[in-house]
1. Expected output is a single nm value to one decimal: the length gained when fully extending between TYR32 and VAL183, i.e. 0.36 nm times separation in residues minus the C-alpha distance. What is it?
2. Counting other C-beta atoms within 10 Å, which of LEU131, LEU67, LEU88 has the fewest, and how do the rest follow?
3. What distance in nm separates the simple spin-label points at ASP143 and VAL160, each placed 7 Å from Cα in the Cβ direction?
4. Once you have the Cα-Cα distance between TYR70 and GLU150, take 0.36 nm times their residue separation minus that, and quote the gain in nm to one decimal.
5. Please list, or write none, the aspartates and glutamates whose alpha carbon is within less than 12 Å of the alpha carbon of LYS21, excluding same-chain residues fewer than 8 places away.
6. Among LEU113, LEU20, what is the fewest-to-most ranking by other Cβ atoms within 10 Å?
7. Can you compute the charge dipole magnitude of segment 72-258 about its Cα centre, using +1 on each Lys and Arg Cβ and -1 on each Asp and Glu Cβ, nothing else charged? Give it in debye, rounded to the nearest 20.
8. For segment 72-258, take every pair of Cα atoms, bin their distances at 5 Å starting from 0, and report each bin as a whole percent.
Amino acid sequence: MVSSLFQGLKKELFQTFDELKPQIDIKNLSIYYYSFNQGINSFKDYVLKLGFVKPFAKKKILSNINLEVYSGEVLGIVGKNGEGKSSLLKCVSGILKSYEGEISVKGRIAPMLAIGAGIEMELTGMENIKLISSLMGTKKGADKLQEIIEFSELTEEELVRQVKTYSTGMISRLSFSIAISEVPDILLIDEVLAVGDAGFQQKCIERISEIKEEGCTILFVSHGAADVERICSRAICIDQGTIKMDGDVDEVLEYYHSLF
C-alpha cells in the first residue's frame with residue numbers, strides 16, 4: 001500500500017514538473033535561404049567568370065532565436081514584412097528545417113500558414129472537407145461535417161464546385177473552417193484573417209477566442225494591432241531577424257509601431 005501511494009505521488013510530481021516545461025521550446029534557431037547571385041544565371045556564366053563569383057548567395061532570415069511558449073499561452077508575433085515571422089511558424093510546424101538550433105514541440109499542431117495551404121484545388125469544397133478532416137483525425141459524423149459547412153458559410157452550389165474556381169476569400173473560409181473544427185494542442189495562424197469580409201473576420205476572431213478559452217496554445221502572426229491586443233496574452237516583435245522585444249502586448253505593439 002505504501003509502495004502504491006509512493007508511485008501515485010511520484011506520478012503526480014512528474015506530471016506537475018512536465019506542465020512547468022514549455023510546450024514550444026526554441027533554442028538558438030537560425031534560418032538561411034539561398035538565392036542566385038546577381039550576374040550568375042547559368043553554369044556558362046559561372047565558367048566565364050572563372051568560378052570567382054559564387055553562384056549562390058546566402059541570406060540569413062532568422063538569427064539566434066530563443067523562445068519558450070507555455071501551454072495555454074497566446075503569443076502574438078509582429079514585425080515588418082520579410083523579417084521571418086512566417087518562417088518561424090513553418091519551423092515550429094515542421095514544414096521548414098532550421099539551419100542551426102533546436103525546436104521541441106509537444107502536442108498536435110493545426111497550422112494555418114497560408115491561404116489554401118493543404119487545399120487540393122482540383123477537388124470540390126465538400127471533397128476537401130472530408131479529405132482534410134480525415135487526415136487531421138477530426139471526428140467523423142454528419143454533425144461535425146455540418147458544423148464545418150455552416151461555419152464556412154459556403155452554399156451547397158459552391159461546395160460541389162472545384163476549389164480552383166473559388167475566390168481567395170472563399171478558399172480562406174474553407175481552410176479556416178476545417179482547421180478550427182476541433183481544438184488542437186497548438187494552433188498556428190499566419191495572417192489568414194487578412195482576407196475575407198469584415199463579418200467573417202469577426203466570426204474567426206470569436207472562434208479563436210473560444211479555442212483560447214479551452215486552453216489551446218496559439219501562435220498568432222498578424223499586422224492587425226487590434227486583433228493581437230484582443231487575442232494575445234503575450235507578444236514578441238521580430239526585427240532584422242532577431243527578437244527585439246518580448247513581453248507585455250501593449251508595450252511590444254508600441255515598439256513595433258516605432259519601427260515605422
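1. Values: separation 151, 0.36 × 151 = 54.36 nm, distance 3.27 nm.
Full-extension gain reported as 51.1 nm.
2. On the way: LEU131 15, LEU67 19, LEU88 29.
Fewest-to-most ranking of LEU131, LEU67, LEU88: LEU131, LEU67, LEU88.
3. 2.7 nm
4. Details: separation 80, 0.36 × 80 = 28.80 nm, distance 3.24 nm.
My answer for the length gained is 25.6 nm.
5. Partners within reach: GLU68.
6. Values: LEU113 19, LEU20 8.
Sorted ascending by nearby Cβ count, the order is LEU20, LEU113.
7. On the way: 19 positive and 31 negative charges, 115 e Å.
Taking the Cα centre of segment 72-258 as origin, the dipole is about 560 debye.
8. Histogramming segment 72-258 at 5 Å steps yields 1, 8, 16, 20, 20, 15, 11, 6, 3, 1 percent.
Every number in this text was worked out from the coordinates using simple rules, so none of it is lab data. These figures come from a predicted structure and were not determined experimentally. Cβ sites come from the backbone with ideal geometry, for glycine too, and all protein chains shown count toward neighbours.
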